[in-house]
1. Expected output is a single nm value to one decimal: the length gained when fully extending between residue 127 and residue 346, i.e. 0.36 nm times separation in residues minus the C-alpha distance. What is it?
2. Give a residue-ordered list of calculated ³J(HN,Hα) values for region 146-156 (Karplus: 6.51 cos²θ - 1.76 cosθ + 1.60, θ = phi - 60°; whole Hz; x for Gly, Pro).
3. With Rg/Rh (Cα atoms, Kirkwood Rh) defined as stated, name the option among [x] 1.18; [y] 1.05; [z] 0.94 computed from the structure displayed.
4. Does region 126-274 come out rounded, prolate or oblate, given a ≥ b ≥ c as the square roots of the eigenvalues of its C-alpha gyration tensor, rounded meaning a/c under 1.5 and, failing that, prolate meaning a/b above b/c?
5. Using a 10 Å cut-off around each Cβ, can you sort 397, 286, 275 from fewest to most neighbouring Cβ atoms?
6. Just need the relative contact order of region 15-433 here, percent rounded to a whole number, with Cα pairs under 8 Å and 6+ apart.
7. Order 237-244, 349-356 from most to least packed using the mean count of other Cβ atoms within 10 Å.
8. Relative to the present Cα-Cα distance, how much length would full extension add between residue 362 and residue 235 at 0.36 nm per residue of separation?
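Coordinate-derived values only; no laboratory data. If you're wondering where the values come from, they're calculated on a predicted model, not measured in any experiment. When we count neighbours, we look across all protein chains shown, and the Cβ atoms used for this are built from the backbone with ideal geometry, even at glycine.
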Amino acid sequence: MSGPPEGGRLGRFVGVTILRAHLVLALAGRAVAAGPEDWPQWRGPRADGTSLATSVPTSWGRDRGLCWSVDLPGEGHSSPVVSGTSVFVTAALGSGHERALLRLDAATGKLLWTRTVARSRDLESLHSENSHVSSTPATDGRAVYTSNYESGRAHLAAVDYEGRILWSATPVAYRAMHGYHHNPLLLDGQLVLSFDQLAEAAVMALDAGTGRLRWRVPLPNDDCSNVAPFPARAEGRTLVVTVGNDATRAIDPRDGRVVWKAAGPTRYCVAGVAYGSGLVFVNGGYPDRRSLAFRLDGATGQAPAWESRRGTTYVPSPVYHGGHFFAVNDGGLATAWDARTGTVKWQQRLGGRHRASLVLAQGLLYATDDDGVTTVFQASPARYQEVARNDVGELVYATPAISDRRIFIRTKGRLHAVGDCAAPRTADRSATVRPRSSSRPRRARR
């Protein structure tokens, strides 16, 4: 396999454990049967914070509007994902060394199973607002893919809907100052991850069916960022955008070729990417707090189409809607920008401190603060128009998931399903695809 322009030879690919049962996953990541739109990965089906769901609730509270609420074992700030009749979350159990995947019934909140996917000999250093399990899993309806720290390496795993581990991989050594947080992007049968960190830094794609490395883009390893890879789609073409260490890249997901690279926004970045009107919208961070827009069809070295220092977000991710970018930054300041020009259309202080990312459904934006207060407002450039404020009264760092007339909110110790308990759910996507039993696993290395 030839490497991308920015890299040398492919590094050693270690620790891939594959069960023969995974062969039925060859079609992983392709479209599944029509039905209510799932929320299969961080920031939803398009990884952009938007949902096509209708009749999404706008009003709830600690004792009203909740379909169900359940206690979760362990701790973690990862966000829930929804697939068919199932909700998946991850948690660190016990003293934190054990990292687990949980499957719950979306209709009732009943815990169906817990599967330990990784056990770390050591506990990674953490920022005070991070957890030992902060990466959100992804699912294609056949398997669930997890991302964790384990004993000095990044650990990835595929788990079927019965809780069987299909493969695991430890593709890079890992070290970071503030802990592990790398959400996988599921795209065209690949898991794409950006490991902007202090050990083996790289953007890479693994085959979702086997865990084998498909391509790898080496990165400088002198700073840490936690921006999830973002799929920007235009005119039948998809590019994966990554941000961190004072660089924004657009990568062809078919082979890992770096299509363009531009400077900025800053060294440390966390907020996810938004895309619309031909422009990629990126935010950072530290030490320079600014928002930049780059042309998706641009070239290496391109200057930003525009720059803004008003309303820049460090951790919460923005959303694109109707020709405009919207964000609520860490300090609770909501901002609307004209996507083409960067002109600020309005700003409104919501209050509170925010770590969860914005989500959008039926023309409404949902901004959840650290205290569990969700402000619902119109995604309109004309002016700020608040619809409701709803309080679950618990710490929230995770981004809500929206699917089939419900909102799933993970708090410090609980999972809430907000909305219509009678909302129908389709059968699990795994119903027609069952892994065959396997004998002994085999180990593959690259």
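1. Details: separation 219, 0.36 × 219 = 78.84 nm, distance 3.28 nm.
Separation in residues times 0.36 nm, less the Cα-Cα distance, equals 75.6 nm.
2. Working through the residues one at a time gives 10, 9, 8, 8, 8, 6, x, 9, 6, 10, 10 Hz.
3. Looking at Rg/Rh (Cα atoms, Kirkwood Rh) for this model, the match is [z].
4. On the way: a/c = 1.70, a/b = 1.11, b/c = 1.53.
Because a/c hits 1.5 or more and a/b fails to exceed b/c, region 126-274 counts as oblate.
5. Values: 397 21, 286 13, 275 26.
Fewest to most other Cβ atoms nearby, the residues stand as 286, 397, 275.
6. Working: 1282 pairs, mean separation 71.7, N = 419.
Across region 15-433, relative contact order equals 17 percent.
7. Working: 237-244: 22.9, 349-356: 18.4.
So the order, starting with the most tightly packed, is 237-244, 349-356.
8. On the way: separation 127, 0.36 × 127 = 45.72 nm, distance 2.45 nm.
Length gained between residue 362 and residue 235: 43.3 nm.
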